[in-house]
1. State, to one decimal in nm², a quarter of the convex hull surface area for the C-alpha atoms of chain B, i.e. the direction-averaged projected area.
2. Who wins for biggest fluctuation among A:Met61, A:Met88, A:Met97 in a Gaussian network model of chain A, springs between alpha carbons below 10 Å?
3. Set the Förster radius R0 to 30 Å, insert the Cβ-Cβ distance between B:Ser22 and A:Asp124 as r into 1/(1 + (r/R0)^6), and round the FRET efficiency to 0.05.
4. With a 10 Å cut-off between alpha carbons and a GNM built on chain A, which of A:Lys107, A:Lys117, A:Lys53 moves the most?
5. Placing unit charges on C-beta atoms (Lys and Arg positive, Asp and Glu negative, everything else neutral), compute the dipole magnitude of chain A about its Cα centre in debye, rounded to 20.
6. Tell me which residues come under 5 Å, amide H to amide H, from A:Arg12 once H is placed; ignore anything under 5 positions away on its chain.
7. Counting only C-alpha contacts under 8 Å and six or more residues apart, can you give the relative contact order of the stretch B:3-152 as a whole percent?
8. Which Cα, out of A:Val74, A:Val87, A:Thr31, lies furthest along the positive dipole direction of chain A (beta carbon charges, K/R +1, D/E -1)?
Amino acid sequence: MVSVNNPRSSFRFLVVDDSEFARRNMNKILTSVGGESAGFAVNGREAIEQYLKLKPDLVIMDVTMPEMEGVEAVQGIIGHDSSAKIVMVSSNGYQEMIKSALDSGAKHFLTKPVEPKQVASVVDFVLGDC
Amino acid sequence: MRYDYVQPFVSSAQEILAQVLSGRIAAGRVQLSPARSPGDGVTAIVGVTGDGQGRVLFEMSRQTALAIAGEMNDEPQAELGTLVRDTLSELASMMTGRAVSLLNDKGYKLRVSPPTMVAGDKVMVSTAELETLTVPLETTHGEVIVNVAMATL
């Protein structure tokens with residue numbers, strides 16, 4: 001299902017999602033577009049800790065998670081590193097939620113289910129490869 | 001129950017299933033059901049709050065649940081383990097999330113709860129004093145029944 005052959009310079013990514021299925025799926029997609037997993041987190045609090053420890057090139061962050069939600073985690077990460085490149089993903093894609101995500105400092109927003117080609121395009125845009 | 005609350009849940013479920021599964025997704029007839037809905041196999045329950053309060057159920061047989069999770073993970077699934085439940089929970093979240101997004105962009109204020117997964121052949125979900133609409137969606141892996149009970153504030 002995941003097959004996008006688009007050579008680009010390698011990048012390290014951190015996937016943050018409380019769903020094992022979503023983490024595995026995003027991992028497969030990002031690996032197929034030239035990424036290398038730096039690690040994962042299952043809530044916003046872990047995401048901040050992992051970001052500071054792993055310093056990934058790209059963070060894919062779910063919006064709705066237990067303990068600390070995605071928007072708060074993005075603000076936390078941006079507070080430490082204003083150049084952090086974070087893409088938010090959610091099953092909910094209404095305008096108010098997208099605005100809230102982008103206002104928090106995220107560079108882009110994807111609605112689930114994510115398509116590999118769409119992810120590849122967003123990775124290029126956010127990492128500035130094109 | 002207002003039909004404009006219900007239709008987005010059915011059309012969104014159909015669209016999402018068509019995106020994550022191969023094959024055509026055919027919708028059956030809408031039926032008005034009693035408020036008590038007998039579960040069959042595996043049920044994902046999503047609560048809705050805000051302008052409309054109620055819940056959406058996605059019901060399927062155990063065999064259908066395993067086959068859908070298998071296709072979504074690109075590997076066969078033999079048991080209703082953590083990954084299968086998590087996959088179906090994420091699927092339910094995507095189906096309701098798209099519906100709520102459509103409604104919220106029209107001016108409604110709705111929120112959905114994280115899905116709860118229930119497995120068992122004799123599950124009964126009671127929604128007192130709410131009428132229930134059900135629509136069967138036929139996939140290549142079997143039927144997924146969308147069951148919506150919503151009260152308008």
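Since every read-out is calculated from the coordinates, none of them should be taken as a lab result. Bear in mind the structure is a predicted one, so any value in this text is a computation, not a measurement. Backbone-built Cβ (ideal geometry, glycine too); neighbour counts: all protein chains shown.
1. The orientation-averaged projected area of the Cα hull of chain B comes to 8.1 nm².
2. A:Met97
3. After rounding, the FRET efficiency stands at 0.60.
4. For chain A, modelled as a Gaussian network with Cα springs under 10 Å, the answer is A:Lys53.
5. Here the size comes out at about 400 debye.
6. Answer set, sorted by chain and number: A:Glu36, A:Asp57, A:Leu58.
7. 41
8. Of the candidates, A:Thr31 comes out farthest on the positive side.
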